[in-house]
Amino acid sequence: MEADTTTPKVPLLRRINLKADKVILILVLFLSAVSVVMVYSMRGEVVLQHLKHLLFGYVGMYAMYKIDYRKLGVIAPFILFMAIALLVLTLLSQAVRGITILGRDVQTFYVIGFLIIFYIAHYIAKLYHVNGEITSANARFLFLLLGGFCAGIATLNMSTAIILFITGLVLFFVGGFKLRDIAGMVGVVSVVLIVAVIVAVNLSDEKQAKFGRMGTFINRLEYYITKDNTDGYGDQMILARTAIARSGFHPAGPGKGVIKNRLPEKETDYAFASLFEETGIVVGVAILFSYLIFFYRARKIAKEATGAFGRLLAFGIGFWITCQALVHIGVNCELLPTTGQTLPFVSSGGASLFVTGCAIGMLLNIGKVSALEKEKEDPMSLLRHP
């Protein structure tokens, strides 16, 4: 009797052998679909441009997914140089929070933040590989590096600087820095920030203007604390809160929002409030939980990553993107002072969508590399976990 030599049928997912985190991909697709509906509802005439920006984000995500993140570590010094050059060009530029390229203003702070997170993760991992520990001198170097970038960014975008600084501190903690070093860093920054705020509050409007957007941040912070809207710095927060409050379980419906028409930057800085007014609490909660699930999956990828570099980078990317989202939602709900933070993969914007796509692609690449390493150790693992 002849043996059966026919090839057994393999399920489609196994034949595709997609090693990217499928939950993260589903979340990205969901947020992208929500963003298209939101932009079309807010400003229908720019939806095609938004689709183009989304496409660029997906191209960046696919490109980073295909490139082994470990090979990019070789050019870490060049990545730091790029971040420094971009910061200097941004500070010297006449564009708002960016530089002008071919007649278009391009926001650069998202790029700078991504580059710095990459460099810090690689630097810490390299120290462990070479020296086996993090010394106080190493900690001071990274603190000064992170503080210098955040100080420069803060002159034009305080919220982005704070998010980057917190992400850096989290990487320091996860990377094994001594708690006394981290506490010292936080203490120094807290003192400097308090003194800066006190000085800025007592300056005239003309002198505050010399500090770039720092004066705007101070005025919005003052409204958040005192609720005195005499100068109108709380208008945006009041409108955003009202848009959310009037919706609840009875949303206006797509394209039928009213308050959104008075909200500035309704498809960027106030995307969540604009969406909430028209789609209600169900979609709002779904968006919030999407970012929380994203962070959980990023943390899972970090735990399973091979090597300190992959673990730190995956955790840093996951925390950075999630922190942006929570700050955006917190501002829209008036839980935090007004900032200029976008909602990742929902808000309109070319640079933010592209950089977020690249960051997610690198996160997926870390997961893929880990899966390939496990498959080499145990070739049957693919059949047990399709």
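The values are calculated or read from the model by the stated rules, or taken from the named source; none is laboratory data. Quick caveat: nothing in here was measured; it's all calculated off a predicted structure. Note that each Cβ is placed from the backbone with ideal geometry, even for glycine, and that neighbours are counted across all protein chains shown.
Structure summary
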item	result
Of all residues making up the range 129-158, the number that are in contact with a Gly (Cβ under 6 Å, 6 or more places away or on another chain) and part of a helix (DSSP H, G or I)	1
The lone exception for GLY147 - which of (1) closer than 30 Å to VAL331 by Cα; (2) touching a Leu at 6+ places or on another chain (Cβ under 9 Å) it fails	(2)
Residue in the range 35-76 that is farthest from GLY357 (Cα to Cα), counting only those that are small (Gly, Ala, Ser) and without any contact (Cβ under 8 Å) to a residue 60 or more places away in the chain	GLY44
Every pair of residues 6+ apart whose Cβ atoms lie under 7 Å, when the first sits in the range 275-290 and is at positive phi while the second is crowded, with 22+ Cβ neighbours inside 10 Å	GLY280/SER247
Top-ranked residue of the range 262-307 - restricted to ones that are more than 30 Å from HIS129 (Cβ to Cβ) and of a type in the set (Lys, Arg), ranked as surrounded by the most Cβ atoms within 10 Å (Cβ to Cβ)	LYS266
Members of the range 159-176 that are part of a helix (DSSP H, G or I) and either over 29 Å from THR338 (Cβ atoms) or out of contact with any Cys (no Cβ under 7 Å at 6 or more places or on another chain) (or both)	SER159, THR160, ILE162, GLY168, LEU169, VAL170, LEU171, PHE172, PHE173, VAL174
Subset tally (residues that are basic (Lys, Arg) and surrounded by fewer than 15 Cβ atoms within 10 Å (Cβ to Cβ)) for the range 222-253	1
In the range 343-356, residue farthest from ASP228 (Cα to Cα) [restricted to those that are assigned to a loop (DSSP other than H, G, I, E, B) and either at pLDDT 90 or above or not hydroxyl-bearing (Ser, Thr, Tyr) (or both)]	PHE345
Residue in the range 299-308 that is part of a helix (DSSP H, G or I) and of a type in the set (Asp, Glu) present	yes
Search result, residues across the range 235-264 that are touching a residue at least 40 places away in the same chain (Cβ under 8 Å) and assigned to a loop (DSSP other than H, G, I, E, B)	PRO254, GLY255, GLY257
Among (1) at pLDDT below 80; (2) among the aliphatic types (A, V, I, L, M); (3) under 20 Å from GLY361 (Cβ atoms); (4) surrounded by 12 or more Cβ atoms within 10 Å (Cβ to Cβ), the one test that ALA95 misses	(3)
Residue match in the range 80-93 (condition: more than 20 Å from the chain's Cα centre (by Cα) and not in a helix (DSSP H, G or I))	yes
Selection status of LEU115, over 17 Å from LEU169 (Cβ atoms), touching a helix residue (DSSP H, G or I) at 6+ places or on another chain (Cβ under 8 Å) and part of a helix (DSSP H, G or I)	yes
Candidates ALA314, ALA351 - the one that is under 30 Å from TYR233 (Cα atoms) and among the small types (Gly, Ala, Ser)	ALA351
Cβ-Cβ under 6 Å pairs, at least 6 apart or on other chains, the range 124-149 side aromatic (Phe, Trp, Tyr), far side part of a helix (DSSP H, G or I)	TYR128/ALA308; PHE143/MET185; PHE149/ILE116
